[in-house]
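Here is the structure we will look at, set down as structure tokens.
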Amino acid sequence: MDFDEAIAAHTAWKTRLKAYLRNPDKSLNVTSIALDNQCALGQWLHAEGAKYSASPEFTELMSQHANFHRSAADLIKRADAGESVAEEAALGTNSPFTKLSAQVVQLILKMKQKMR
């Protein structure tokens, strides 16, 4: 996976999550979602992407990606409990979920620029 594919993987996962939040059908497991190594980006970060581990951006990306997954798990937990959280995830520009997602993408872009 390259940096562009990493961003695409994160975006695709986020799209899947937003669809789930609109229709929480219990198909996503909160415990698994809370783990940062279960999605395609997380698997790359913990394996092939670890070659960038000396970079401060990589360290920050690992941290923010883990925070993103904890935030996503919280949204799923709330949706599964009957709360309406789809708008918060989709439009809440100040929501932790949205901010963390943007930080993940920004850090991947910083790494991409640095590694050129």
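Among the residues of the stretch 9-46, write down those that are more than 19 Å from residue 109 (Cβ to Cβ) and among the hydrophobic types (A, V, I, L, M, F, W, C).
17, 19, 21, 28, 30, 33, 34, 35
Show the residue pairs that are 6+ apart or on different chains and have beta-carbon atoms under 9 Å apart, the first residue being within the stretch 55-80 and over 30 Å from residue 25 (Cβ atoms) and free of Cβ contacts under 8 Å to residues at least 60 places away in the same chain, the second being part of a helix (DSSP H, G or I) and of a type in the set (S, T, N, Q).
60/103; 61/103
Please find, among 5, 60, the residue that is in contact with a helix residue (DSSP H, G or I) (Cβ under 6 Å, 6 or more places away or on another chain) and assigned to a helix (DSSP H, G or I).
Details: 5 fails: in contact with a helix residue (DSSP H, G or I) (Cβ under 6 Å, 6 or more places away or on another chain).
Answer to the check: 60.
Conditions first: (1) among the hydroxyl-bearing types (Ser, Thr, Tyr); (2) in a helix (DSSP H, G or I); (3) farther than 26 Å from residue 2 by Cβ; (4) modelled with pLDDT under 90. Residue 31 passes all but one, so which condition is the exception?
Among (1) among the hydroxyl-bearing types (Ser, Thr, Tyr); (2) in a helix (DSSP H, G or I); (3) farther than 26 Å from residue 2 by Cβ; (4) modelled with pLDDT under 90, the lone unmet condition for residue 31 is (4).
Here is a check on your reading of the model: is residue 49 touching a Leu at 6+ places or on another chain (Cβ under 9 Å), surrounded by 20 or more Cβ atoms within 10 Å (Cβ to Cβ), without any contact (Cβ under 8 Å) to a residue 40 or more places away in the chain and under 27 Å from residue 109 (Cα atoms)?
no
Residues being touching a residue at least 60 places away in the same chain (Cβ under 8 Å), more than 17 Å from residue 69 (Cβ to Cβ) and surrounded by 12 or more Cβ atoms within 10 Å (Cβ to Cβ): count how many of those fall in the stretch 3-46.
So the count comes out to 2.
Suppose we filter 80, 36, 74 for residues that are modelled with pLDDT of 90 or more, acidic (Asp, Glu) and closer than 18 Å to residue 12 by Cβ; which single one remains? Steps first, answer last, please.
Working: 80 fails: closer than 18 Å to residue 12 by Cβ; 74 fails: closer than 18 Å to residue 12 by Cβ.
Sole residue among the options that is modelled with pLDDT of 90 or more, acidic (Asp, Glu) and closer than 18 Å to residue 12 by Cβ: 36.
The values are calculated or read from the model by the stated rules, or taken from the named source; none is laboratory data. Here the structure is a predicted model, which means the values were calculated and not measured. Every residue, glycine among them, receives a Cβ derived from its backbone with ideal geometry; neighbour counts consider all protein chains shown.
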